[in-house]
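All remarks here apply to the structure that follows.
The values are calculated or read from the model by the stated rules, or taken from the named source; none is laboratory data. For clarity, every value in this text was computed on a predicted model and none was experimentally measured. Here the Cβ positions follow ideal geometry from the backbone for every residue, glycine too, while neighbour counts run over all protein chains shown.
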């Protein structure tokens, strides 16, 4: 028997290591890639799956919201107020640290009213937390629910509106509540959020969405979260 040469042993070891690494690479899934949807409102509505809502187990505390994700002391509510403030009115803050917004000017498109006190403005989850839960978020991780509740990556998810109008909307979907004005815009933004977060719509909701899709000449473009 001839002894194995050190060179040949090294070659075998290298080949074996390459095989193991290659196998491991195949076993590790590639990270999910964000997808972009663009189409008419009718096509967007069709892209939202139809499913009965399942609201059992919902609790608002399951969606940790108004977090300060980037650590600049301004939470998600403050970030939306700043981004949606009208440029003709300076923003003021409750402290020199600029953590909490006090005054500015904001236009609520739901009722076409402007406000100068931040306390008069609610940040509406376009698709309410309870609606999101019943439309698929009940199966999400806590981290994904937190990301949804503080989504600053798409301006349509969080909207500054008159506080009592937001309270009248509560957890309702378009089958039972629509704003007084700009209904086509509202429906398009609702559908965009549902697509962005992979949420479904129940049959009554889908029927109303389809009725507006047939009359609203709107294009929906959205990137999935």
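Taking (1) assigned to a helix (DSSP H, G or I); (2) modelled with pLDDT under 95; (3) in contact with a strand residue (DSSP E or B) (Cβ under 7 Å, 6 or more places away or on another chain) in turn, residue 20 satisfies each apart from (3). Can you say whether residue 147 is part of a helix (DSSP H, G or I), surrounded by 23 or more Cβ atoms within 10 Å (Cβ to Cβ) and either in contact (Cβ under 8 Å) with a residue 40 or more places away in the chain or more than 15 Å from the chain's Cα centre (by Cα) (or both), as far as the supplied structure shows? Here the answer is no, as residue 147 does not meet what is asked.
What are the residues in region 112-131 that are under 23 Å from the mean Cα position of the chain (by Cα) and either assigned to a loop (DSSP other than H, G, I, E, B) or over 10 Å from residue 166 (Cα atoms) (or both), if any? Residues satisfying the conditions are 118, 126, 127, 128, 129, 130, 131. Annotation: of all residues in region 152-177 being in a loop (DSSP other than H, G, I, E, B) and crowded, with 21+ Cβ neighbours inside 10 Å, the one that is nearest to the chain's Cα centre (by Cα) is 157. Among the residues of region 180-198, just one is crowded, with 21+ Cβ neighbours inside 10 Å and in a loop (DSSP other than H, G, I, E, B), namely 197.
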